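Quick notes on the structure that follows.
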Amino acid sequence: MQSERADGIRLALPLTIEDNSPSSSRAAAPDAEREAGKWLKELAVFAVLAALVAAYWSVTAGISPFDPAFTPLSIIAAGLLAAFWLLFLYFVFYLLLGGVFTSFVGVLRRRVWARVLFPAYLAVHLVVYGYVLEKIIVLTSSRSLLTLGPQAYLMAIYYYRPHTIAEALASMTRNPGIFIILPPFYALVLGPFALFSAFLIGVLVVVHTDRLLRAAGRLRKAGGSVVYPAMGLVGGASCCVSLPDLAAYGSFFGATALSTGAWTTLLYYLYYFLPLTVIITFVATLLPSVTHGRTHDVRSGAD
């Protein structure tokens, strides 16, 4: 009995005693330095993004709604927009969610269903949110785009009021817009935020679906099912497009029953809040395997 107790203690010791050897410390030091460097890079990029928003706010203060299409200030504003979105995409898809994006590319290469699901969701999301943004523009400008002939064009509107930092950021999420007009029934406006949120949610849906499919075998052996997680996944993605769609279609009656300002606020809320809620929810469920996108499970797709 004593020998067995001694063996038990001997086997338990490696589980409770930390390795403080010099070689272990040397191996951990580069990892800590790399992690600190990544955090500093993320903070630096975030600071530059904030500076770009402030610069855009400052430049657009001198823009009038009666200015011609191209002025020195509008060209500078366009350059600030381009720099902001390029840096923001780098910030999200490389610094924050690099592992998720790498996993998404791998799933696209391996799975036929992913090459069908991703563009299908992208198309539905863009059509719905393009329609919502068109309704916002109609309600705020009191001018219907459907009175114009069939056309498609790219346009940026740098004039906004009130001239605040918050409105400047909102303007940057809507400009430039791709206007597609198909009278007499349909018109949509695709802004950068709609394109970004559609792409990111599509990426997250594909990665989550792949993980559910790979876990299906293990769950069945354990007596579980992927039905409920799959329903939650589909429900979250469909809610992101169904509620704004219903609100946009009911915008005429809603603005009549309530007020134009109240209905416009609701559309703004749905346009921004729903996609961000879905994105945060999906990313939160990936956090154990994301951790700045550098773990084996997400990057390689390994079980």
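A short reminder: the numbers here are calculations on the coordinates, not readings from a lab. No experiment lies behind these values; they were computed from the predicted model shown. Here the Cβ is made from the backbone with ideal geometry for all residues, glycine too, and neighbour counts use every protein chain on show.
Sort 172, 155 so that the residue with the fewest other Cβ atoms within 10 Å of its own Cβ comes first and the one with the most comes last.
Numbers: 172 23, 155 11.
With the sparsest Cβ surroundings first, the list reads 155, 172.
Stokes-Einstein at 10 °C, 1.306 mPa s, Kirkwood radius from Cα pairs: D for the stretch 76-190 in µm² s⁻¹? Could the numbers behind the result be given before it?
Values: Rh = 16.6 Å.
This corresponds to a translational diffusion coefficient of 96 µm²/s.
If the label point is 7 Å along Cα→Cβ of residue 186, which residues in the stretch 106-141 have backbone nitrogen under 17 Å from it?
The answer is 120-135.
For the stretch 154-194, state the average projected area of the convex hull of the C-alpha atoms over all orientations, rounded to one decimal in nm². Before the final figure, lay out each step's value.
Working: hull surface 13.0 nm².
It is 3.3 nm².
Efficiency by 1/(1 + (r/R0)^6): what FRET value for residue 64 and residue 268, r their Cβ-Cβ distance, R0 = 25 Å, to the nearest 0.05? Could you put the intermediate results ahead of the total?
Values: r = 24 Å, r/R0 = 0.97.
After rounding, the FRET efficiency stands at 0.55.
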